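Okay, so here's the structure we're looking at.
The values are calculated or read from the model by the stated rules, or taken from the named source; none is laboratory data. Only a predicted model underlies this, so the values are computations on that prediction, with no experimental measurement involved. Cβ placement follows ideal geometry from the backbone for every residue including glycine, while neighbour counts extend to all protein chains displayed. Quick note on the areas: whole protein, heavy atoms, side chains included, nothing else; ligands and nucleic acids left out. Shrake-Rupley method; radii C 1.70, N 1.55, O 1.52, S 1.80 Å.
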Amino acid sequence: MNVIPAIDLLDGRVVRLTKGDYEKVTVYNNRPLEEARTFADAGFRFLHVVDLNGAREGAFVNLSHITRMVEETGVEVQAGGGVRSYDDALRLLEAGVSRVICSSLAVRKPKAWYRLLEEHPGRAVLGMDLKEGRIAYSGWEKTSAQSIDTFLQPMIDRGLQYVLCTDIARDGTLEGPNIALYRDLQEQYPELYFIASGGVSSAADLQDLREVGLAAAVVGRAYYEKKVTLDELKLYT
């Protein structure tokens, strides 16, 4: 299992939200490129970058910061937030992003999402955000009544490989990841590469996630608030 450091961008700053609440923002750095360089210099091969303005407003606000990270650090970036159409996803890919994370697109415009899966295999990551067991989208402010299995199977049929799964109730809380959720998903869909996101609070949590057999885990607040060190994270590069 690899650790992918998270850089969430809001108004050009590195922040974290608590449980997806835009009213509960903690700012960690006013220089996103500086943060990205720290991870690159430490040897991380991938960064997880989210345009939180885009997720809420449906338009890229922080794309210039993401582009600079790609161009100036040499680290691969998986990015999302504000992807509302196939063309939006293509714009990120053309900007140099290695993988595009889509959640709202997959829920609201499945045909466009299926096209992305089929035309760019391995570069489309499903952002499956769960809020009280339901699939959330539009900056986590809306939920779908569709079951997880009904949601996933058509995507698997079209070549889905990567699923970034966030338990919103744990995101930014430092309460520990939902191990049972990730174990159940990995057992039910062994053909998928699951990336856990939300709740990591210690190096022990990372070991628990590794034992579940996940492909990767995104770590944000635990690092920024010094609950886990850069050296501890580097053990999972």
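What ranking of 39, 46 comes out by heavy-atom accessible area, probe 1.4 Å, highest first?
Listed by decreasing accessible area, they come as 46, 39.
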**Request:** Give me the accessible area of residue 57, 1.4 Å probe, in Å² rounded to the nearest 10.
**Result:** 100 Å²
**Prompt:** At residue 41 and residue 108, where each label point lies 7 Å from the Cα along Cα→Cβ, what is the point-to-point distance in nanometres?
**Reply:** 4.0 nm
**Prompt:** In whole percent, how big is the carbon plus sulfur part of the accessible area of the chain, probe 1.4 Å, protein atoms only?
**Reply:** 42 percent
**Fill in**
Rh_Kirkwood(the chain) over Cα pairs, Å, one decimal, evaluates to 17.4 Å
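Want the number for residue 68 to residue 22: 0.36 nm per residue separation, take away the alpha-carbon distance, what's left?
Difference between extended and current length: 14.1 nm.
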**Fill in**
For the chain, averaging the sequence separation of alpha carbon pairs under 8 Å that lie six or more residues apart and dividing by its residue count, the contact order in percent is 19 percent
**Request:** First measure r as the distance between the Cβ atoms of residue 118 and residue 147, then evaluate 1/(1 + (r/R0)^6) with R0 = 25 Å and state the FRET efficiency to the nearest 0.05.
**Result:** 0.60
**Prompt:** Cα centroid distance between the stretch 145-161 and the stretch 53-88, in Å?
**Reply:** 24 Å
**Prompt:** Can you list residues whose amide H is under 5 Å from residue 61's amide H, if they're 5+ apart or on another chain and H is modeled 1.01 Å from N?
**Reply:** 54
**Asked** For the chain, modelled as a Gaussian network with Cα springs under 10 Å, which listed residue fluctuates most, 40, 89, 180?
**Response** 180
**Request:** Name the residue, out of 126, 93, 206, whose mean-square fluctuation peaks in a Gaussian network model built on the chain with Cα pairs under 10 Å.
**Result:** 93
**Message:** Using DSSP H assignments, which helices in the chain have an axial alpha-carbon span of 24 Å or above and a mean Kyte-Doolittle hydropathy of 0.5 or higher?
**Reply:** none
**Request:** Using the Kirkwood radius over Cα pairs, work out the Stokes-Einstein diffusion coefficient for the stretch 18-151 at 4 °C and 1.567 mPa s, in µm²/s as a whole number.
**Result:** 84 µm²/s
**Probe 1.4 Å, accessible area per residue of the stretch 184-230, Å²** = 42 Å²
